[in-house]
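Report on the following structure.
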Amino acid sequence: MPHDSHDHDHTDPPSDLTLRVKALETALTRKGYVAPEAIDAVIDTFENKVGPRNGAKVVAKAWSDPDFKQRLLDDASAACAELGFAGQQGEQLKAVENTEDVHNMVVCTLCSCYPWPVLGLPPSWYKSHAYRSRSVIEPRAVLEEFGVSIHEEKEVRVWDSTAELRYLVLPARPDGTDGLSEDALADLVSRDSMIGTGVASAG
Amino acid sequence: MSASDPQSFTDFLPKTEGEPIFAEPWQAQAFALTVTLHKNGVFSWDEWAETLGAEIAKDKDANGVADGTNYYALWLGALERLVTHKGATSAADLAALKDAWKENYLATPHGQPIPEPRS
């Protein structure tokens, strides 16, 4: 129905889901559990301030600075906090390094635990039942579907995230990138390469 | 599930990284509400992950979160369940507020701000 044929003495209510969220927010605000401004601040942070570029900076620094890389592998939460990327849920972050012998990939089989401070919010496929169930059963087949072929002699390690422990894959530095600045290196680091469903590439 | 399963997640694989993180505003609201409630000590992140995991597992038996699109609907259900379980609000209060919001939309001329329901 064209909009202008509507009566103008009312407003069409939003979706049922929207009304449920509004009811929750109203109820919890009135009881003093949340302040609307705090909710808006969280939305702003996740839409504008956190995302995979944070993780890419961490990876580029690890590629460029061996001391930082060691700190990252020893205690990723502390190393990322050095760059200002700290968790809000009190969770620990562990960095797992891709090497000549090992390829790492990350999943959350329970729900969708994800290293928000360094990667932002997960892509929709990360939350899908197919990815959550198949990654542990047939990781190589899943990787093939992402266009990532892992040599059969290389070990594929699948890390199952939890509420307390999240993982960040440290991808291998692409060949032919000697002398690039950290900023230039960060541009080579895709989100998927830090989940392990992609690789960093020089282009 | 096999690699040839037509419901393979690659059917909806975003190959670009530019996808919006929230498809609709209510998803952002539900997400931010959860993060804020946790920060304010209403529940632990463990309790949240367990509740969300249970909602997702329950749904899988019915229709499946195969494509991830109903993920935030499950998220919202989990949040309602957890805050009522914690006694922060009640299912009856939520239902009443939802109806009140809807009535206020219907009673407000188009283009004007919707008043919050009376407490």
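Please treat every number below as a calculation from the coordinates, not as lab data. Every value quoted in this text rests on a predicted model; they were computed, and no experiment measured them. Glycine gets a Cβ as well: all are built from the backbone with ideal geometry, and neighbour counts include every protein chain shown.
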Take the alpha carbon gyration tensor of segment A:161-203, find the square roots of its eigenvalues, order them as a ≥ b ≥ c, and report rounded if a/c is under 1.5; if not, report prolate when a/b exceeds b/c, else oblate. prolate
Close Lys-Lys pairs in chain A, where close means Cα under 24 Å and separation is 8 or more or interchain: 14
Please report the base-10 log of the normalised intensity I(q)/I(0) for chain A, using a Debye sum with one equal scatterer per alpha carbon and no solvent, at each q in 0.15 (1/Å). -0.95
Can you work out the Karplus-derived ³J(HN,Hα) for every residue in segment A:138-149? Use 6.51 cos²θ - 1.76 cosθ + 1.60 with θ = phi - 60°, whole Hz, and x for glycine or proline. 9, x, 5, 5, 4, 4, 4, 5, 8, x, 10, 9
How much length is gained on full extension from A:Asp178 to A:Glu152, taking 0.36 nm per residue of separation minus their Cα-Cα distance? 6.5 nm
What percent do you get for the relative contact order of chain A when only Cα pairs under 8 Å and 6+ apart count? 24 percent
Which of the GluC sites (Glu not before Pro) found in segment A:84-161 are in a DSSP loop and have at most 16 neighbouring Cβ atoms, other than their own, within 10 Å? A:Glu100, A:Glu152, A:Glu153
Assuming R0 = 22 Å, what is the FRET efficiency of B:Asp46 and A:Thr109, from their Cβ-Cβ distance, to the nearest 0.05? 0.85
Return the long-range amide H neighbours of A:Tyr167 (sequence gap of 5 or more, or a different chain), with a cut-off of under 5 Å between placed amide H atoms. A:Lys94
For A:Val156, other-chain or 5+-apart residues with amide H closer than 5 Å (H placed, Pro excluded) are A:His103
Computed over segment B:22-88: relative contact order in percent, which uses C-alpha pairs under 8 Å that are six or more apart: 40 percent
Restricted to Cα positions, what overall size does segment A:47-114 have along the principal axes? Three whole-Å values, descending. 31, 28, 20
Segment A:164-185 scanned against label point 7 Å out from A:Ala202 along Cα→C-beta; backbone N under 16 Å for A:172-182, A:184-185
Report the Stokes-Einstein translational diffusion coefficient (µm² s⁻¹, integer) for segment B:22-88, Rh taken as the Kirkwood radius over Cα pairs, at 37 °C with viscosity 0.692 mPa s. 268 µm²/s
What are the ³J(HN,Hα) couplings of segment A:56-69, residue after residue, when phi is run through the Karplus curve with 6.51, -1.76, 1.60 and θ = phi - 60°? Round to Hz, x for glycine and proline. 4, 5, 5, 5, 4, 5, 5, 5, 8, 10, x, 5, 5, 4
Can you compute 3J(HN,Hα) from phi for each residue in segment A:13-18, using the Karplus curve 6.51 cos²θ - 1.76 cosθ + 1.60 with θ = phi - 60°, rounded to whole Hz and x for Gly and Pro? x, x, 4, 3, 4, 5
